[in-house]
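The values are calculated or read from the model by the stated rules, or taken from the named source; none is laboratory data. Computed from a prediction, not measured in an experiment: that's the story for all the values here. Reconstructed Cβ throughout: ideal geometry from the backbone, glycine too, with neighbour counts over all protein chains shown.
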C-alpha cells in the first residue's frame, strides 16, 4: 500500500493501533528526512515464569522489562510499543545509521543479560532483538513491522541473539510457511540427515568423537541452511520433534562408530525447550538401550544461556540425564553470564569454548587470555575442554600448548556424512598407537 493522504486518513487504514501510531511516526520522519529504526524485543522468560508462578507473575515480569527499556535504553524522542506480553517494539527516531541501531540492540541484550527483578523474584529474560530500518526495509508501518518480526525470528536462532533484516533474505522469510510445511513433510518421510564434525585428541592424534549436525536437503527448497532449518522448526513449534529425531539418529550412528572405535562419542545439542521436557531423560535412555550404546558415548550439549535461563529446571534435567550415564557438556561457553559458583554445582563433564574466542586467539590478545583462563577454569573443576573453531595448524599448536583436551574445527575436519567418518575411523584404526 503506497503512502498517501493525511496522517489521519492513514491512521484509519490500520486496524492495528500500534501500526497506526507507527505510521504517523513514519510520515513525520519522511517529511523531516529522518531515518527510523524498529527494534523488536522478545523475552522467552515470560512463558517460563507463567508456568512456574502463574500469569500474574508473567505480567509483572513483562512490566519490569518495559520499565527497564524505557529508563535505560530509550532517548527523549524514542517510544516503546507493547505488542504482547513477551514482545516489545522500541521505535528509535531519528537515528543516523543501522550501526547505531545495532549498538542500541546490544545495549538491550546487555541490560537483559542479568536477572530481571519482578516482585520478590528474578529471572533471566532470555532476550532476542530483531531490527529493521525505515525507509530501506519498509515504506509503511505494516511492511516495516512484518520485516522487523522476520528479523526477530532470525535473531532467536542467531548466535548473538540480534539480527538486522536483510533484503536479500526476504524470499526465504516470505516463504516461511512453505519452509514449515516442507519440514513437516521431511519429518514424516524421515528425509532429514546428519553430518558429523570430528573432534581430535591432540595428545594421541586420534579422533575421539564427533558433533552431530542437522542437514536438510529438500527436493523443492534445495539445501536449506542450518539456521533457516532451525528457524522454521522454532516458528512451526517443531523444534522438539526435530531435536528428538536428531537424538535418535545420533545414537544409532554412535553404535556404528563404536563398532570401529570403541569409546567413540557423539555430541548432540539439546534445545532449551527440550531441556524442560519431563521425559527427555527417559527418551534418551530408551534410545541408548535400543541401539546398545553406553551412556558415556553420548554427550548432550546445553548452551550456557539455556542453563542460566532457568537454573533450577536445568539442574534437575541435567541430573536426570546424568543418572542414565550420559555425559554433559556446556556449549558456547564464554558468551553468557554464568557464575563460577553455579557452574561448579552442575554435574558437567565437558566445557566447549566458543569459536569466536578460538578463531581470533592469535590476533586478539585478550581472546588468547580468555581461552587460557577457560581451560584453567575447566580443569580446576575436573572438566574436559573442547575448543571449537580450530581452523589452522598454528591455532591447533597453541591450544595443545595450553593443554586443551580436544579440538574441533575445519582444520580437524569439516562436517561429513556418517559413511565418510566411518572410512576415516577405519583408516585411523590401521595406524599404530602413538
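Key figures for this structure:
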{"read-out": "Some residue of the range 56-79 being in contact with a helix residue (DSSP H, G or I) (Cβ under 6 Å, 6 or more places away or on another chain), under 20 Å from residue 118 (Cβ atoms) and in a loop (DSSP other than H, G, I, E, B)", "value": "yes"}
{"read-out": "Looking only at the range 107-119, and only at residues there that are surrounded by 15 or more Cβ atoms within 10 Å (Cβ to Cβ) and not in a strand (DSSP E or B), the one that is modelled with the lowest pLDDT", "value": "113"}
{"read-out": "Residues (surrounded by fewer than 18 Cβ atoms within 10 Å (Cβ to Cβ) and either part of a helix (DSSP H, G or I) or touching a residue at least 40 places away in the same chain (Cβ under 8 Å) (or both)) located in the range 378-415", "value": "379, 380, 393, 394, 397, 400, 401, 414"}
{"read-out": "Failed item in (1) part of a helix (DSSP H, G or I); (2) over 27 Å from residue 236 (Cβ atoms); (3) over 24 Å from the mean Cα position of the chain (by Cα), with residue 99 passing the rest", "value": "(3)"}
{"read-out": "Residues (farther than 23 Å from residue 136 by Cα and free of Cβ contacts under 8 Å to residues at least 12 places away in the same chain) located in the range 71-122", "value": "71, 76, 84, 110, 115, 120, 122"}
{"read-out": "Qualifying positions in the range 28-52 - buried (at least 19 other Cβ atoms within 10 Å of the Cβ) and either free of Cβ contacts under 8 Å to residues at least 12 places away in the same chain or assigned to a helix (DSSP H, G or I) (or both)", "value": "45, 46, 48, 49"}
{"read-out": "All positions within the range 348-362 that are over 27 Å from residue 298 (Cα atoms) and either crowded, with 19+ Cβ neighbours inside 10 Å or modelled with pLDDT under 85 (or both)", "value": "360, 361"}
{"read-out": "Given (1) closer than 21 Å to residue 415 by Cβ; (2) modelled with pLDDT under 90; (3) crowded, with 20+ Cβ neighbours inside 10 Å; (4) touching a helix residue (DSSP H, G or I) at 6+ places or on another chain (Cβ under 6 Å), number of the condition residue 179 does not satisfy", "value": "(1)"}
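Residue by residue, here is whether (1) surrounded by 20 or more Cβ atoms within 10 Å (Cβ to Cβ); (2) modelled with pLDDT under 85 holds:
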{"site": "293", "(1), (2)": "yes, no"}
{"site": "307", "(1), (2)": "yes, yes"}
{"site": "313", "(1), (2)": "no, yes"}
{"site": "322", "(1), (2)": "no, no"}
{"site": "332", "(1), (2)": "yes, yes"}
{"site": "340", "(1), (2)": "no, yes"}
